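> Structure incoming, see below.
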Amino acid sequence: MTMYSDSFTKESPARQLGALAATLGRIASSAEKTARTKAIIPMLNECLQFIEWTLSQQTDNAGKELADISVMLKLWRDSWEYAQMDGHLRALLSVQSKKWSEKILESSGLLNS
């Protein structure tokens, strides 16, 4: 494990989900901006790492949801070279990321603290 992964995995599962939600929120706000398209792949990769690192600490239902999101994030990452040229696809990634971010943040319990 790297220092980054060690730091992440030492956080509570709720805070891990909060970090994932925050990165998804940054994707949502950046995806539609053509000047920010180069930042998307590193953020997608960060989300994928966060999911990998937190998956074992989640309930079965949450784990399945995160696994599904991971599949979609990989598809976005692998097609971003072409998707970034289409404003409709950038908007779709933005909307999807925002919904995922909100759902993950809500399920983390951090909003109830």
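> Can you pull out the residues in region 30-81 that are under 26 Å from residue 10 (Cα atoms) and either polar (S, T, N, Q) or in contact with a strand residue (DSSP E or B) (Cβ under 8 Å, 6 or more places away or on another chain) (or both)?
45, 49, 54, 56, 57, 58, 59, 61, 70
> Something else about it: Condition first: closer than 21 Å to residue 38 by Cβ, basic (Lys, Arg), more than 14 Å from the chain's Cα centre (by Cα) and in a helix (DSSP H, G or I). Can you find one or more residues in region 64-86 that meet it?
There is no residue in region 64-86 that is closer than 21 Å to residue 38 by Cβ, basic (Lys, Arg), more than 14 Å from the chain's Cα centre (by Cα) and in a helix (DSSP H, G or I).
> Do we have any residue at all in region 38-58 that's surrounded by fewer than 18 Cβ atoms within 10 Å (Cβ to Cβ), without any contact (Cβ under 8 Å) to a residue 12 or more places away in the chain, among the basic types (Lys, Arg) and part of a helix (DSSP H, G or I)?
yes
> Residue 90 versus (1) surrounded by fewer than 17 Cβ atoms within 10 Å (Cβ to Cβ); (2) over 15 Å from residue 48 (Cβ atoms); (3) at pLDDT 95 or above: which is the lone unmet condition?
It fails just one condition, (1).
> Given the criterion of a type in the set (Lys, Arg), at pLDDT 95 or above and in contact with a helix residue (DSSP H, G or I) (Cβ under 7 Å, 6 or more places away or on another chain), identify the matching residue among 36, 26.
Selected residue: 26, the only one of 36, 26 that is of a type in the set (Lys, Arg), at pLDDT 95 or above and in contact with a helix residue (DSSP H, G or I) (Cβ under 7 Å, 6 or more places away or on another chain).
> Then there's this: Going through region 66-101 one residue at a time, which ones are among the charged types (D, E, K, R) and in contact (Cβ under 8 Å) with a residue 24 or more places away in the chain?
Passing the criteria: 74, 77, 90, 98.
The values are calculated or read from the model by the stated rules, or taken from the named source; none is laboratory data. Note that this is a predicted model, so its numbers are computed, not measured. Cβ atoms come from the backbone with ideal geometry, glycine included; neighbour counts cover every protein chain shown.
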